[in-house]
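In what follows, a single structure is set out as C-alpha cells and then discussed.
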Number of protein chains: 2
Amino acid sequence: MLIQKPDNPAAIRNASRQGRFSGPTGGLALGKAQANLAILPREAALEFLIFCQRNPKPCPIIDVTDPGDPEPKQTAKGADIRTDLPLYRVYKQGQLVDEPTDILSYWRDDLVAFLIGCSFTFENAMLSAGLPLNHHRQGGSVPMYITNIQCTPSGRFSGPMVVSMRPMPLKKAIKAVEVTGRYPRAHGAPIHWGDPTAIGIENLAQPDFGTPISFTHQEVPMFWACGVTPQTVMMESKPAFAITHSPGHMFVTDLRDEDLMS
Amino acid sequence: MLIQKPDNPAAIRNASRQGRFSGPTGGLALGKAQANLAILPREAALEFLIFCQRNPKPCPIIDVTDPGDPEPKQTAKGADIRTDLPLYRVYKQGQLVDEPTDILSYWRDDLVAFLIGCSFTFENAMLSAGLPLNHHRQGGSVPMYITNIQCTPSGRFSGPMVVSMRPMPLKKAIKAVEVTGRYPRAHGAPIHWGDPTAIGIENLAQPDFGTPISFTHQEVPMFWACGVTPQTVMMESKPAFAITHSPGHMFVTDLRDEDLMS
C-alpha cells in the first residue's frame, strides 16, 4: 500500500496501473479535471453518443476513444483506460458482475470508452470562489436524487435526469450559478434551486444515492445535473456488456479544470 | 416563383417543402440559427460524430437525428430534413451526382443527419455589435482557405481545417474575438489573426472557396474555423453515399442565435 497518496494525474494513473492505488480520487490532483467513465460495445456507441449530445447538462462528453483503442488521446496522451483508473465496475445484462482494479481481461476490439465531465471540476471552482460545500464539511458524499425531468431519449437510452444537491447560503446562490455556469463541460450552471418538489423530489432527507445533508433556513437547496445520469440510463437499457468507473474512483485527466470552461 | 421571400423559419421550410423556394438563405430569418447539413449512412455515423466531438471549432454539432428519422427534433420539431432545405447535394463515392430540391427519393432507413452550427449566427452578432463585414458590403461570399492545421482524426475522417476570413479594423479585432467567442456552438472565437502564413495560407487573394476580399493596411485578417471543414473531410473519405446542403442553402432552425451561446 501507498503511504502517501499520488497527487498528480500521471502519478495517480501510474499507481493505479501498477496496482499500488485503488482508492477514491476526490481531492487528489486539485485543478486537474477528473472524468466519469462509461464503456460500451460499438453496436451501442452511436446511440449513446447521440444521447449525450442531446443531454449535455448531465452528459458533457470530454473524450471518446476509437473502437478498440484503450488510449484516451484527447484527455491524457499515453494513458490506458483499461488500467489507469483505481477501480472499475463490470456489468453484464445490466447486472454488476465484477469490481476489478483493471479491465485487461475484459477488453475487446469493439469497445468504445466515453469520458464525461465531473462535478469535482466545478466544486474546485466553488471553493476557490469562497462558496461553502457542506458535504465536504460533513464528511459524506454529495446527495443525489432522481428527478421527474425526462432526458431526451436516443434509441434504447432514456430515463430521468439525476441531480446532485448542494445547500447554499441564499446570499451566495447567484454567485454559485455564475461560477458553475463557467464550466459547461462539467455540468455547468444548476438546473434548479429552491422547492425540490418542482423537479419531483419529495424528500431531501432520502436521497437516491449518496448521503443526506443537513442545512438551515438561511440556506437554499441547489440542484446540478449529475454524471450518475448517463450511468443510470445506460444500466436501465440492460446492455449485454458495459464497464464504468466505480463511484468516486474517477479517471484523472491531464486537462486543467479551466479546459472545461466555455 | 415567390414574389416575396419567406422570412421566418417555418415559412422558409414550408416554401422549400412545397417547391416554392430554392434560393440561398443568407440574410433570411435574422436572429434564428441556420445550420450546415451532413447526412451519412449509420455505418459511418459513429466515426463522423466522434470526429465532430474532437473538432468542435469547425464542427459544432447542434442536432443529430435517429437513424432513418427525418425529423430534426432538437432544432425544429415537425420539420422534415428531406424536404425543408432549399437545395441539396447528393454524392456517391465522393462524386457529386445530383443537386435536387428534395431528397425524398434518396432517403434510406439507415441515414443519420447531422446539423452543424453556421457562421451566419456570429455574423449577426458582429453586425449588432457594430463590427463591419466587408464581404457583405462587397457583395461576395466570405473567402475560405485550407490551412495547415490538421483536424484530430477519427477513423476514416481526417484532413485540414478550413477557415473563413474576415478583415477587421485593428481597433475592433479584440471586440470581434469577444463577440464571436460567445457562440461556441457556431464556431466561436477566431482560431488566428494576422500573418496568414502562420496557418499555411500563402496568398489571401486566392481563396480555396468563396470570393477574394480587399482590405486596407488599417485592417487585420481574422480567421474562423469554418463549417466547410466537415464537408471537405467527409468528401475526402469518399463515402459510398452522402448528402449535404448546397452551399449557402442552409437548414433554418427554430433555435435563436442566443441558443448557440455558451
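Each value in this text was obtained by applying a stated rule to the coordinates, not by laboratory testing. The structure presented is a predicted model; accordingly, all values stated were derived computationally and were not measured. Positions of Cβ are generated from backbone atoms using ideal geometry, with glycine treated the same way; all protein chains shown enter the neighbour counts.
Straight-distance candidates among the aspartates and glutamates for linking to B:Lys5, with alpha-carbon spacing under 16 Å and chain neighbours fewer than 8 residues away dropped: B:Asp84. For B:Gly200, the label point sits 7 Å beyond Cα toward Cβ; its separations from the matching points on the remaining copies run 4.8 nm, from shortest to longest. With the label put 7 angstrom out from Cα along the Cα-to-Cβ vector, A:Asp7 ends up 6.4 nm from the copy partners, going from closest to farthest. Measuring r between the beta carbons of B:Lys238 and A:Lys5 and using R0 = 45 Å, the FRET efficiency lands at 0.30. Counting only other chain Cβ atoms within 10 Å of each residue's Cβ, the peptide B:178-187 averages 1.
Look at A:Met261, A:Met234, A:Met165 and count the other Cβ atoms within 10 Å of each Cβ; fewest to most, that gives A:Met261, A:Met234, A:Met165. Entry for chain B at q = 0.07, 0.13 Å⁻¹: log10 I(q)/I(0) = -0.23, -0.81, Debye formula applied to identical alpha-carbon scatterers, no solvent contribution.
Here r is the Cβ-Cβ distance between B:Ala129 and A:Val177 and R0 is 22 Å; the resulting FRET efficiency, rounded to 0.05, is 0.30.
Taking other C-beta atoms within 10 Å as the exposure proxy, A:Met126, A:Met222 rank A:Met126, A:Met222 from fewest upward. One residue of chain A places its C-beta nearer than any other to the axis carrying A onto B; that residue and its whole-Å distance are A:Ser262, 2.
For A:His217, the point set 7 Å out from Cα toward Cβ sits 7.3 nm from its twins in the other copies, listed from shortest up.
If R0 is taken as 60 Å, the Cβ-Cβ distance between B:Glu99 and A:Arg20 corresponds to a FRET efficiency of 0.45. Computed packing ranks the peptides B:88-99, A:73-84, B:67-78 as A:73-84, B:67-78, B:88-99, most packed first, by mean other Cβ atoms within 10 Å. About its Cα centre, chain B has a charge dipole of approximately 400 debye under the convention of +1 per Lys or Arg Cβ and -1 per Asp or Glu Cβ, with nothing else charged.
Of all aspartates and glutamates in the structure, the ones whose alpha carbon falls short of 20 Å from that of B:Lys172, not counting any fewer than 8 places away in one chain, are B:Glu123, B:Asp195, B:Glu219.
Taken about its Cα centre, the protein assembly as shown carries a charge dipole of roughly 780 debye when the Cβ of each Lys and Arg holds +1 and the Cβ of each Asp and Glu holds -1. Ellipsoid fit via the Cα gyration tensor, the protein assembly as shown: semi-axes of 40, 26, 24 Å, each the root of five times an eigenvalue, largest first.
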